[in-house]
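Single-structure report; data block below.
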Amino acid sequence: MLILAGLGLYDEKDMTLKTLEHAKRADKIYAEFYTSLLTGTTVERIEEVIGKKITLLTREDLEYRGYRLIEEGRDKVVMLLTAGDPMVATTHVDLAIEAKKRGVDVRIINAPSIYSAVGITGLQIYKFGRTASIVFPEPNYFPETPYNVIRDNLRMGLHTLCLLDIQSDKNRFMSANEGLRILLEIEERRKENVLSEDTKVVVLARAGSLKPKIVYGKIGDLLDYDFGPPLHSIIIPGKLHFMEEEALKYLCENVP
């Protein structure tokens, strides 16, 4: 059997009892933290909770050699742990599909993810459109896709969740400040008047922790704001219901 299990959003305490029970019975446990990361804990603390050694996988291990996990699951109970929910990343969906094709049983254990955690802002989940990913620009590489997603969602009155780049192998996590500057730079290039320093956004930092930071304000006022340690996410609100307006007023820190 191949078990895909989520660890939740922040630390080892987010792990469900179901995941813990299956981990204690698993023959081999792997984990990957390149699609997302639990910033409130360490691999060692997770190992201590489950009482077993965890083998860490890199992006290359999973994307190019992940089928070895499936073959190992033919005669063993193999578990792959991920931050958030295991089926949010397409890599894990592909793994589950391939396991089914090869006749290996698959068990999926869901967990809290950023897609459920954004509800803490008071914005209504069903009013979110496509998700945008903002990545670190590289030489000759500056994707403008997030701008297109935000533009299209705003035209429909929908909110946009922007996930910020993670390079866990370099211990590099994009801050909301960096993400906002990248969006403004794309606006400067495109000049379609989708965003400006007067655009109001929500920044959610350390979702899943007991003390997340939720800030609502204009982009220009948040460019140098200290949101604290990672992980950060940005939400571009669309058309607001009056209850959402109240939620942003009372559930978020309003700047200024």
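Only the coordinates and a few stated rules stand behind these numbers; no lab work does. Predicted, not measured: the structure shown is a model, and the values here were computed from it. Cβ: placed from backbone, ideal geometry, glycine included. Neighbour counts: every protein chain shown.
Numbers for the structure displayed
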item: Selected residue (criterion: nearest to residue 117 (Cα to Cα)) from residues of the range 72-93 that are aliphatic (A, V, I, L, M) and in a strand (DSSP E or B); result: 81
item: Close pairs from the range 181-197: first within 15 Å of residue 221 (Cα to Cα), partner assigned to a helix (DSSP H, G or I) and not charged (D, E, K, R), Cβ under 6 Å, at least 6 apart; result: 195/183; 197/219; 197/220
item: Checking residue 166 against (1) surrounded by 20 or more Cβ atoms within 10 Å (Cβ to Cβ); (2) over 22 Å from the mean Cα position of the chain (by Cα), the condition it does not meet; result: (2)
item: Filtered residue count, the range 134-169, keeping only those that are in contact (Cβ under 8 Å) with a residue 12 or more places away in the chain, more than 20 Å from residue 206 (Cβ to Cβ) and charged (D, E, K, R); result: 4
item: The range 137-150, subset surrounded by fewer than 17 Cβ atoms within 10 Å (Cβ to Cβ) and touching a strand residue (DSSP E or B) at 6+ places or on another chain (Cβ under 9 Å), residue farthest from residue 36 (Cα to Cα); result: 148
item: Count of the range 81-107 residues which are more than 17 Å from the chain's Cα centre (by Cα), crowded, with 19+ Cβ neighbours inside 10 Å and within 17 Å of residue 34 (Cα to Cα); result: 1
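Here's the yes/no breakdown for (1) over 18 Å from the mean Cα position of the chain (by Cα); (2) exposed (fewer than 14 other Cβ atoms within 10 Å of the Cβ):
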residue: 170; (1), (2): no, yes
residue: 176; (1), (2): no, no
residue: 186; (1), (2): yes, no
residue: 193; (1), (2): yes, yes
residue: 200; (1), (2): yes, no
residue: 203; (1), (2): no, no
residue: 209; (1), (2): no, no
residue: 216; (1), (2): yes, no
